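Below is one structure, written out as structure tokens; the observations come after it.
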Amino acid sequence: MRRPRATIGVVVAVRRGDRLPDGVTRLAAALEALDLRVDFELARRCRDLSETIRNYLLPRLEKPGSPLLVVFAGPTGSGKSTLINSLTGLDLSATGPRRPTTRAPLFVVFEGTEVEDAGEGVVIAGAAPVLRHMTLVDTPDIDSTDTEHRRVAESLIDRADIVVFVVSALRYADQVPWEVLRRAASRGAAVVSVINRLPPGSLGAVTDFTRLLEAEGAGEHLIRVPEHHLPEGAARVPSLAVGELRRALFDVLAERARQQGEMVNRVVHALAEQVGAFVADVRAMEGRLVEIGHETRRRVMSGTVALSL
């Protein structure tokens with residue numbers, strides 16, 4: 001296994017005031033040069049850190065005027081697709097009783113906007129005002145039995161400027177969505193939480209959901225969307241039903257320069273902490289491998305046949 005000294009050197013260089021894009025580019029290269037095949041979990045963390053740099057941080061540093069990436073994430077049946085349809089005024093994303101209905105990410109952009117690294121996702125253009133400065137992304141359900149769906153959703157969350165965390169009034173306490181919320185918060189993304197499909201008399205659910213959000217330190221932006229009984233085949237609720245969510249997104253637009261600077265700042269600080277913890281764990285693993293090597297040589301020299309690791 002290669003030593004992580006190059007990684008440490010890049011972190012120090014960034015902290016000493018190197019031009020940030022150059023420093024984090026070298027950091028990504030140092031992470032990608034590590035051979036961590038002996039530890040699957042460390043290899044996954046290394047890949048996540050590198051992808052955060054390549055897919056989120058560098059594009060924001062190099063193109064600060066690009067549209068904000070707003071990723072809608074939530075469990076099966078929470079109504080992400082319906083919310084996006086309602087915000088844009090178009091029937092862009094499939095909805096229906098068969099779950100999960102979103103199998104590949106859908107990027108909804110303003111006319112003429114290009115999407116970098118859309119992968120296998122579908123890109124659809126529209127002219128809704130909210131799309132002028134934001135790209136809305138509908139993700140596969142994060143609690144799907146298909147593990148690829150969750151991997152795709154998590155990859156998009158790691159690229160997001162804003163994560164719209166959508167739950168339903170019936171399933172807001174499910175564990176998997178909260179793991180995703182913590183992932184978004186840990187990397188410094190802004191989080192807007194939506195409790196969707198609220199039936200009349202659901203004050204208790206709102207109160208409990210608010211309590212859970214506050215316990216996670218994410219209770220600042222809570223949006224409530226009432227339940228609507230839609231005609232068969234309808235893909236969106238009335239515009240007024242998503243008015244609070246639309247206002248929250250336009251509030252971000254009104255303070256776009258400050259918000260984006262704060263977002264990048266949060267990601268940089270979170271990244272520094274995560275890289276520090278990662279390097280410490282790599283060194284600890286390296287120490288264990290050295291001990292195993294010494295023990296192997298000792299046993300071979302002493303003629304011991306069995307080796308217990």
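Listed values, structure above:
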| read-out | value |
| --- | --- |
| Around Val191: net Lys/Arg minus Asp/Glu count, Cβ-Cβ under 15 Å | -3 |
| Per-residue HN-Hα couplings for the range 285-295 [Karplus 6.51, -1.76, 1.60; θ = phi - 60°; Hz; x = Gly/Pro] | 5, 4, x, 5, 5, 4, 4, 4, x, 4, 5 |
| Neighbourhood net charge (13 Å Cβ-Cβ; Lys/Arg +1, Asp/Glu -1) for Gly293 | +1 |
| Efficiency of FRET between Val290 and Thr147 - r from beta-carbon atoms, R0 41 angstrom, step 0.05 | 0.75 |
| The range 70-187 - charge dipole about Cα centre, Lys and Arg +1 at Cβ, Asp and Glu -1, debye rounded to 20 | 360 debye |
| Accessible area per residue in Å² at 1.4 Å probe, computed on the range 170-244 | 55 Å² |
| Carbon plus sulfur fraction of accessible area for the range 162-208, probe 1.4 Å, in percent | 63 percent |
| Karplus-derived 3J(HN,Hα), 6.51/-1.76/1.60, for each residue of the range 104-115, Hz, glycine and proline x | 9, x, 10, 9, 9, 10, 6, 3, x, 8, 9, 10 |
| Overall form of the range 27-154 per C-alpha gyration tensor (a/c, 1.5; a/b vs b/c) | oblate |
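The values are calculated or read from the model by the stated rules, or taken from the named source; none is laboratory data. It should be emphasised that the depicted structure is a prediction, and the values quoted were computed from it without experimental measurement. No Cβ is skipped: glycine too gets one built from the backbone with ideal geometry, and neighbour counts run over all protein chains shown. Surface areas here come from the heavy atoms of the whole protein model, side chains and all, with no ligands, DNA or RNA. Shrake-Rupley method; radii C 1.70, N 1.55, O 1.52, S 1.80 Å.
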